2 protein chains.
Amino acid sequence: MAKADFSPIADTTRRAEIVALLRRAILTGQLAPGQKLNELRISEQMRVSRAPLREAMRELVQEGILTSIPYAGTFVIEVTAKDIDDAYSFNKVMDELAIERAWPLRDQRFFDELDRRHEAVKQATRALDTTRQIETALQLHGLIYEWADNSVLLETWQRLTSRLQMYFALHQHARNEPVPAEDVHETYVRLLKGKDMRAAQCHAREHIDLDFEELLAYARGLEQRPSRGA
Amino acid sequence: MAKADFSPIADTTRRAEIVALLRRAILTGQLAPGQKLNELRISEQMRVSRAPLREAMRELVQEGILTSIPYAGTFVIEVTAKDIDDAYSFNKVMDELAIERAWPLRDQRFFDELDRRHEAVKQATRALDTTRQIETALQLHGLIYEWADNSVLLETWQRLTSRLQMYFALHQHARNEPVPAEDVHETYVRLLKGKDMRAAQCHAREHIDLDFEELLAYARGLEQRPSRGA
DNA sequence: TCTTGTTAGATTGTCGACAATCTGCTTGTC
DNA sequence: GACAAGCAGATTGTCGACAATCTAACAAGA
């Protein structure tokens, strides 16, 4: 008898689809930080009633990318330099932990998946698809968390990912220049395949540094901007 | 002119109150793990309609203490030994980080607040109020996170706190014996006031160990139990 | 007996309408 | 002109009812 392991079927509620749509809109920068989400207008655009839309918004508030003020509205979170700095410095420590935990669990499947995700980043880079490039880079980075075999650690990473993706998207939008053609993840992947865990941890820390330094400079620049979107 | 700093007024939506009520019911063990939440029944008991109740439930799902299956229902999360182990090992690392970050920021206000929270634990212990004892102990523990000046770190701790409180409450319910009269936090507080950061970090790690070891043993005991609540 | 199709009941998901609240403008008064 | 009161208009919060889906019991057939 053939063993077939089926994955759970997709959630087919409107709410789940609305969550995905809104999240995408926020993380790609279609909805600017500070912008208010008008329930009636959005529900009409999506052709749904306000009930599932509001439930979806509650989820995104808890996810940390929306913020809600009773009787005033729900807004895309503002981004301050300190927010980015906090996320950055937290991420550094988390990365060290994740690599440490995932290290002894690496196997052929890990390496294959690593290559697959690396390839996805390179493809997005070649296609000049900046949104997808950010997305795939974070997925590549997230592999060590998936492999660390700690549900709390993974969940924390996933929450953080939302905001990181938003930050990087903002940055890209702001400077509005083509993505770097070079492969900045080459060393990261190579070290994760190697034998020196310390080296991998150090590189991860510095590699993150590079990306974040630019991001921080950008964020400091737009500090104290009103930024109520259209 | 006198400077008056007002705190924001309380959220006066039904949703916020429902969230608080449900969270309390879960964290104190009034709602058992795995138990299904019947929307109609709860909404009638609370004298509210299902709309704000459902929104509240969505928040708690994102908070990680409820889980939802479309068209099947919303349930209190199950607790496995691995969940507790994951939370425990994650917490150890986070604690070290929080102490490191909070250490240079300690001041008189920190020490005063430390004493205040320590006192609250001792009072709950004397009153044999186990629920409040767990709550205050976590608040005492949370001070280093509030002082670490990192929003992401603090938020992660707060999310974790919900589940920790639930785990400890379950444990207390299960063994159903009076709380220890001795003051287990004495050393922790003393070290946080001292000059040796490493010592404080080590103690935090071992201190957590003590509590968790018992908890883990308990969790391993009830593994593979069906546990669908009444 | 086991499997499959059907049906009734209960529960969740969604909708449209009403109530509560906020915002900005207008009006009147000093 | 400055300021407070009051009045629309718009928006959020809440409600009750309907539609979609699941579960479990039951009947029919191999």
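The values are calculated or read from the model by the stated rules, or taken from the named source; none is laboratory data. Predicted model, so just to flag it, every value in this text is computed and none were measured. Cβ atoms come from the backbone with ideal geometry, glycine included; neighbour counts cover every protein chain shown.
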Report the residue count in the range A:43-55 for those that are away from DNA strand D (no atom under 12 Å from the Cβ) and not in a helix (DSSP H, G or I). 2
Could we say that residue A:162 is in contact (Cβ under 8 Å) with a residue 60 or more places away in the chain, polar (S, T, N, Q) and out of contact with any strand residue (DSSP E or B) (no Cβ under 9 Å at 6 or more places or on another chain) here? yes
Where the second residue is among the β-branched types (Val, Ile, Thr) and part of a helix (DSSP H, G or I) and the first is surrounded by 12 or more Cβ atoms within 10 Å (Cβ to Cβ) and lies in the range A:101-119, which pairs have Cβ atoms under 7 Å and are six or more apart or on separate chains? A:102/A:144; A:114/A:189; A:117/A:136; A:118/A:189
For residue B:131, are the conditions met, namely being of a type in the set (Val, Ile, Thr) and surrounded by 17 or more Cβ atoms within 10 Å (Cβ to Cβ)? yes
How many of the residues making up the range A:30-65 are touching a Phe, Trp or Tyr at 6+ places or on another chain (Cβ under 8 Å) and either within 11 Å of chain B (Cβ to nearest Cβ) or within 13 Å of DNA strand C (Cβ to nearest atom) (or both)? 1
Failed condition for residue A:72, given (1) of a type in the set (A, V, I, L, M); (2) surrounded by 19 or more Cβ atoms within 10 Å (Cβ to Cβ); (3) within 16 Å of DNA strand D (Cβ to nearest atom), with all others met? (2)
Does the range B:93-115 contain at least one residue that is within 14 Å of DNA strand C (Cβ to nearest atom), among the aromatic types (Phe, Trp, Tyr) and more than 9 Å from chain A (Cβ to nearest Cβ)? no
Expected single match for more than 9 Å from chain B (Cβ to nearest Cβ) and surrounded by 15 or more Cβ atoms within 10 Å (Cβ to Cβ) among A:148, A:87 is A:148
Please state which one of A:79, A:19 is more than 16 Å from DNA strand C (Cβ to nearest atom) and within 14 Å of chain B (Cβ to nearest Cβ). A:79
Has the range B:12-32 got any residue that is modelled with pLDDT of 95 or more and more than 23 Å from the chain's Cα centre (by Cα)? no
